[in-house]
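Each remark here refers to the structure printed beneath this line.
The values are calculated or read from the model by the stated rules, or taken from the named source; none is laboratory data. All values reported here derive from a predicted model rather than from experimental measurement. Positions of Cβ are backbone-derived with ideal geometry, glycine not excepted, and every protein chain shown enters the neighbour counts.
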C-alpha cells in the first residue's frame with residue numbers, strides 16, 4: 001500500500017510538472033550568419049548593415065535597417081510611408097544644393113539663387129523651402145527642370161537623379 005501511494009504521488013507530481021505552464025525565457029545571442037528556411041520575429045527588429053532577402057518577406061511591427069535594404073521585384077506597403085527628415089540645409093546665394101535625404105528641408109537668410117549639386121543615381125528627393133525667403137533653384141547643367149524653380153515658403157520641388165542630372169518630377173506652389 002505504501003509503495004502504491006508513493007508511485008501515485010510521483011506520477012501525480014510528474015503530471016503536474018508536465019501540464020503546468022512553463023515560464024518563457026528571453027534570450028539574446030549574436031550570430032555571424034543566419035540561414036533559415038523561415039524566420040519570424042515579433043516586436044521591433046533591427047538590422048545593422050545590409051539586409052538581402054530572397055523570396056517573400058512579411059514584417060510587422062517596427063523594422064529598421066542600418067545600411068542598405070535592397071528589394072528586387074515588387075514592393076507592397078500598407079499604411080503610411082514615413083520618410084525621416086534630415087538636417088535642414090541653409091542655402092547661400094550662388095551656392096550648391098546637395099540633398100542628403102529624400103525629404104530635404106531648405107532655408108535661407110534672404111532671397112537666394114542656387115544650383116543643384118551632382119545627383120545620386122536613382123535618388124528621389126523632395127526639396128521643401130521652410131523659410132519665408134524665396135529660394136530659386138536654377139535650371140543649369142546638371143538639372144533638367146521646366147525652367148528655374150522659385151520656391152517660396154512651403155513650396156516643393158521633387159527631383160530624381162538619373163545619369164549626370166537631376167530631373168524634375170513635380171513642383172508645387174503652396
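Tabulated results
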item	result
Hits in segment 155-173 - residues which are in a loop (DSSP other than H, G, I, E, B) and touching a strand residue (DSSP E or B) at 6+ places or on another chain (Cβ under 7 Å)	155
Any hit, segment 148-156, residues being farther than 18 Å from residue 105 by Cβ and at pLDDT 95 or above	yes
Strands (runs of 3 or more DSSP E) lying entirely in segment 52-138 (those with 3 or more residues that are under 14 Å from the mean Cα position of the chain (by Cα))	63-66
Test for residue 124: is it surrounded by fewer than 17 Cβ atoms within 10 Å (Cβ to Cβ) and in contact with a strand residue (DSSP E or B) (Cβ under 8 Å, 6 or more places away or on another chain)	yes
Among the candidates 129, 148, 133, residue that is in contact with a strand residue (DSSP E or B) (Cβ under 6 Å, 6 or more places away or on another chain) and buried (at least 16 other Cβ atoms within 10 Å of the Cβ)	129
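Here is a yes/no grid of residues against (1) surrounded by 10 or more Cβ atoms within 10 Å (Cβ to Cβ); (2) farther than 25 Å from residue 127 by Cβ:
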{"position": "53", "(1), (2)": "yes, yes"}
{"position": "72", "(1), (2)": "no, yes"}
{"position": "88", "(1), (2)": "yes, no"}
{"position": "97", "(1), (2)": "yes, no"}
